[in-house]
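A quick write-up on the structure given underneath.
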Amino acid sequence: MSAYIIRRLLQMIPTLLGVMLLVFTLFTLVGGDPSYILAGKHLTADVLANIRAQLGLDKSLPEQFMIFVRQVLTLDFGTSWATQQPVSDIITSRIGPSLTLTGSLLVVDLLVAIPLAATVAYFRGGLTDRIVTIACTVAMSISALVYIIAGQYFLAYKLELFPVRGWSDSFLVNLLVYVPLPLLMGLMVSLGPDIRFYRSFFLEEMNHDYVRTARAKGLSERKVMLKHVLRNAMIPVVTTVMMSLPFMMIGALVLENFYGIPGMGNEVVLAVNKSDFPVIKAVTIYIAIATMVFNLLADLVYKLIDPRVQLK
């Protein structure tokens, strides 16, 4: 396994290089000359030349690319063009609120969706399966904005069960006071499709020959589900979860905006609106690195779930 991990880590180098080249090309060709944005109303030839020199835009494209590579290797993307704060400070201060919300949402969603999906798959075709399937379909038919606005209005404003919006400096206060309502609304949005999605994994596994063989050997349905079906159905579930983890970094854009959570979602929206390229570049690179790392972790988890999986 060590050789496999080392080989995958080495494979990340050309992949990351390709991502950097793609990001640099896109921002250079599509982004235009940022010195005009930074100069603002003080647009003179001297000001433009000064800004271009500070950003390294007066250098050749290969030299500019090497500057970008150095930024990625040192994880120092300079300062934000919009706020003049170091990009690393912005991301450090914003990533915590986003992970508090999206991490809690992911954990609770998995704890609820997987058992429910296994249950309705076990009772497939029965009344329980039909009721849950209809409820999921109805829940999926309602826009996420309806859940968010209705939940904020009735549960927070009318019934005063939760604060309408807000955030504090205390992790515990945020987790117990400010996260529950957006968490609840996030679950209303995600549970329907997730239960239907995971249910299909369980049903597919339950139709395989090894399940019929296990039943023919006299194993109880509980053992068949827990020992055979659940383990194999978890592999596509792990894939889905691992693919979603990198995007937890940018938070839940709509939830953060409506509930006043100062997370990465709000920061990314502001960066896009203000053409704050250093922040956008940093977020893009961080997500690319996180995607490669979680892909590797997913392969290792496959091996833990099913020892028959060969890592080559």
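The values are calculated or read from the model by the stated rules, or taken from the named source; none is laboratory data. From a predicted model like this one, the values you see are computed outputs, not experimental measurements. Cβ placement follows ideal geometry from the backbone for every residue including glycine, while neighbour counts extend to all protein chains displayed. Note: accessible area is taken over every heavy atom of the protein model, side chains too, but ligands, DNA and RNA are not part of it. Shrake-Rupley method; radii C 1.70, N 1.55, O 1.52, S 1.80 Å.
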| For Leu22, which of the numbered conditions (1) at pLDDT below 85; (2) exposed (fewer than 14 other Cβ atoms within 10 Å of the Cβ) fails to hold? | (1)
| said: So, Leu304, is that one open to solvent by 20 Å² or more (accessible area, probe 1.4 Å), more than 18 Å from Leu105 (Cβ to Cβ) and either outside any helix (DSSP H, G or I) or among the aromatic types (Phe, Trp, Tyr) (or both) or not? | reply: no
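Just checking, which of Met225, Met188 is under 30 Å from Leu161 (Cα atoms), open to solvent by 10 Å² or more (accessible area, probe 1.4 Å) and assigned to a helix (DSSP H, G or I)?
Met188
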| field | From Val254, Val269, Val173, residue being open to solvent by 50 Å² or more (accessible area, probe 1.4 Å), among the β-branched types (Val, Ile, Thr) and either within 23 Å of Val138 (Cα to Cα) or outside any helix (DSSP H, G or I) (or both) | value | Val254
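Specify which of the listed residues (Pro246, Pro180) is surrounded by fewer than 21 Cβ atoms within 10 Å (Cβ to Cβ) and at pLDDT below 85. If you could, list the steps in order and put the result at the bottom.
Details: Pro180 fails: at pLDDT below 85.
Answer to the check: Pro246.
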| Could you list, in sequence order, the residues of the stretch 1-17 that are touching a residue at least 24 places away in the same chain (Cβ under 8 Å) and either surrounded by 13 or more Cβ atoms within 10 Å (Cβ to Cβ) or under 14 Å from Gln310 (Cβ atoms) (or both)? | Met1, Tyr4, Ile5, Arg8, Met12, Thr15, Leu16
| query | Could you count how many residues in the stretch 97-116 are surrounded by fewer than 16 Cβ atoms within 10 Å (Cβ to Cβ) and either in contact with a Pro (Cβ under 8 Å, 6 or more places away or on another chain) or under 26 Å from Leu253 (Cβ atoms) (or both)? | reply | 5
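Out of Ile90, Ile37, I need the residue that is under 17 Å from Val279 (Cβ atoms), open to solvent by less than 40 Å² (accessible area, probe 1.4 Å) and not small (Gly, Ala, Ser). Which one?
Numbers: Ile37 fails: open to solvent by less than 40 Å² (accessible area, probe 1.4 Å).
Exactly one residue qualifies, and that residue is Ile90.
Considering Val189, Val254, which residue is touching a residue at least 12 places away in the same chain (Cβ under 8 Å), closer than 30 Å to Ser88 by Cβ, out of contact with any Pro (no Cβ under 9 Å at 6 or more places or on another chain) and among the β-branched types (Val, Ile, Thr)?
The unique qualifying residue is Val254.
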